[in-house]
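We did not get these values from a lab; they are worked out from the coordinates using the rules stated. Source: prediction; values computed, not measured. Here the Cβ is made from the backbone with ideal geometry for all residues, glycine too, and neighbour counts use every protein chain on show.
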Amino acid sequence: MNFQALSHLAQKLSVLNEQGLHRQRRMTASLCQPQLLVNGQPLLAFNSNDYLGLAAHPGVMEALREGVSIYGAGSGASHLISGHSQAHDQLETVLASMLADHIPAVRALFFSTGYMANLGVLSALGDLSKGDLTFFSDELNHASLIDGIRLSRANYQVYAHSDLQQLGSLLMDSDSGTKVVVSDGVFSMDGDLASAKELLAICEQHGAWLLIDDAHGFGVLGDKGAGLLQHAGLCSDQLICVGTLGKAAGVAGAFVAAHSMLIEWMVQRSRPYIYTTAAPAALAHALLTSLQIIGGEEGQKRRAHLTQLIDAFSATSIPSPWRKLASTTAIQPLVVGSNAAVLQASADLQSQGIWVSAIRAPTVPPNTARLRITLSAGHTMNNLDQLKNALAALHKP
């Protein structure tokens, strides 16, 4: 290579490969469901975030087809030009109604992705109180929260994972006029829940917003599937909830729900919302059906089945030196250790027809590489037995 920049890239990519950190895509050629065709190989997948099995639900798929027939394939413009459809508006109304018992004067704003939603709300908060705002962020927060805080250009402090005492001290010592505590609801790599009640109590004590990224809780937690806020019984106008609609809801997109004045500020000042083409209205139309399922009897049955799967796997003994993290959610991580070991474990499972992704740094701390098992209401108990038998086979002498 004569172009020096390409030589530099080649060296960097080689280093990633040597460290066991090179990422590869797999190509699926089937419906999003537990039984997949992956690079031509049939596999039983335990790595999807389709927690309720709605991505291939006949009613949701039919609603998407119907949405295309009504609105077409694309939106044509941003929401503030001509891309905001009746379906988008109805979706935001339904989402707000799901959280009406938890955020007074609530309003919801639809985004194309969860990443965009986090960038959108955090940057808008930064613009709201320029130079007089501090974010307080859990050290295990998702990358989109970290990047949103950076995009805001505001001051920030990181507190140790779920360390409420440290968080309280940081808030007490801060002289910022606006304070925002930021936390995942369900931590995506460990599967544990944020201490939502305690976090809100601390925020109310110190006059801070509490932003919960409920990407892995919305649709799964709560009696009606409204997420962590419902699960924990929270209610406050200091709450901001970000929810993802491409996981348990089974389609695509995300939303921010908060007091109507904050949402109106985002419409006026959130650059990731203002300057992007709206998601196709057909997706919003399909999501209306998905949310109806989540909040109804079928959604309750799917959550109950998922809970049975979680309980059954949680009771499974995993031989050392692997370590099963304590989790009551659909995310059930097995910490293996080194990059080489987790890649080998993932490959060995694939040879048995099981697909579990190997998660490595920087997504998780060095030397804590893990098999991130995710369960879905689409799995059967027989599927779970297949997984457990495959894991046991890896530990046989």
Quiz prompt | Coarse-grained scattering of the stretch 58-295 at q = 0.07, 0.16 Å⁻¹, given as base-10 log I(q)/I(0) from a Debye sum over alpha-carbon atoms | solution = -0.21, -1.08
Exercise. Fewest Cβ neighbours within 10 Å first, please rank Asp214, Asp175 accordingly.
Key: Asp175, Asp214
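Using the Cα centre of the stretch 58-295 as the reference point, and only Cβ charges (+1 on K/R, -1 on D/E), how large is the resulting charge dipole? Debye, rounded to the nearest 20.
I would put it at about 640 debye.
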Quiz item: Across the chain, how many lysine pairs, 8 or more apart or on two chains, come within less than 28 Å at their alpha-carbon atoms?
Solution: 16
Exercise. Would you mind listing how long the stretch 129-269 runs along its three principal axes, going by Cα atoms, in whole Å with the largest first?
Key: 41, 35, 27
Quiz item: Amide H of Ala278: which non-local residues (sequence gap of 5 or more, or other chain) have their own amide H closer than 5 Å, using H built in the peptide plane?
Solution: Ala77, Ser78, His79
Quiz item: Can you put Glu92, Glu18 in order, fewest other beta carbons within 10 Å first?
Solution: Glu18, Glu92
Self-check item: Whole-Å distance, taken between Cα centres, linking the stretch 181-209 and the stretch 7-79
Solution: 30 Å
Practice problem: For Trp355, enumerate residues with amide H under 5 Å from its amide H, sequence gap 5+ or separate chain, H modeled in the peptide plane. | Solution: Leu44, Ala45, Phe46
Quiz item: When only DSSP loop residues count, what chymotrypsin sites (Phe, Trp or Tyr not before Pro) in the stretch 1-66 have their Cβ near at most 12 other Cβ atoms within 10 Å?
Solution: Phe3
Practice problem: First check a/c for the chain, with a ≥ b ≥ c the square roots of the eigenvalues of its C-alpha gyration tensor; if it is under 1.5, answer rounded, and if not, answer prolate when a/b is larger than b/c or oblate otherwise. | Solution: rounded
Self-check item: Gain upon complete extension [Thr363, Leu16; 0.36 nm per residue less C-alpha separation]
Solution: 123.5 nm
Quiz item: What are the residues whose amide H is under 5 Å from the amide H of Phe111, where those residues sit 5 or more places off or on another chain and H is modelled from the backbone?
Solution: Ala254, Phe255, Val256
